[in-house]
Amino acid sequence: MGDEMQLLTGMYNARIDDKGRLSLPARLRTALAAEQVVVLPGLDENHLMIMRPEYFEKDFSEPILSSPMAMLDKKKRNLIRKLIAPAIYVDIDGSGRINIPPQIREKYSLPNKSDALLLGAGYTIELWNPSVFADSDDGESISDLAQSLAGERE
């Protein structure tokens, strides 16, 4: 990762307009510093992820694809089919909007003229239907999550 890459942070209420366009908040646009983004299924399968093309290609996809034998591993093939294959490159227009194809948005409950929630999640942005996000809370506390991460480092 280059040192110049800003972390994407914050929670933003957004709206998908009647033409299916999503305005990226100025703070996220500045941090992205890109003219294009990659949109792909989220890892929890109920939201979308948005990331810089360089991050998608080098840091995200390359570790999955890097093994010469990746295609011989059934789990890697499935991961490629479910995560990398559906990824699309989307331009950011002059007004800071992205237009995600309707069939992708509808799969994740993000139709035209709907509310959306954007979460800056480090090197990615998560795009959620706000009610789906509210229902996704598993009740695990920040303290418990931090403790489990601390346990991994020992």
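In table form, for the structure just shown:
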| item | result |
| --- | --- |
| Loop-resident sites, segment 1-76, for trypsin sites (Lys or Arg not before Pro), counting at most 11 other Cβ within 10 Å (DSSP) | Lys19 |
| Three-way shape call for segment 1-119 based on the alpha-carbon gyration tensor, with the a/c threshold at 1.5 | oblate |
| Using θ = phi - 60° and Karplus 6.51 cos²θ - 1.76 cosθ + 1.60, couplings along segment 24-31 (whole Hz; Gly, Pro as x) | 7, x, 3, 4, 6, 4, 5, 5 |
| Greater than 25 Å apart at Cα, pairs in Lys75/Lys107; Lys19/Lys58; Lys58/Lys107; Lys19/Lys82 | Lys19/Lys58; Lys58/Lys107; Lys19/Lys82 |
| Inter-part distance where segment 64-117 and segment 20-48 are each reduced to a Cα centre, Å | 11 |
| Trypsin sites (Lys or Arg not before Pro) lying in DSSP loop within segment 99-154, provided at most 16 other Cβ fall within 10 Å | Lys113 |
| Using θ = phi - 60° and Karplus 6.51 cos²θ - 1.76 cosθ + 1.60, couplings along segment 127-136 (whole Hz; Gly, Pro as x) | 10, 10, 6, x, 6, 5, 4, 4, 7, 7 |
| Amide proton proximity set for Gly10, modelled H, under 5 Å, gap of 5+ | Gly120 |
| Segment 58-147: GluC sites (Glu not before Pro) falling in loop per DSSP and having at most 11 other Cβ within 10 Å | Glu140 |
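Quick note: the coordinates plus some simple rules give every number you see, no bench work behind them. Just so it is clear, the structure is predicted and the values come from calculations on it, not from any experiment. We place every Cβ from the backbone using ideal geometry, glycine too, and count neighbours over all the protein chains shown.
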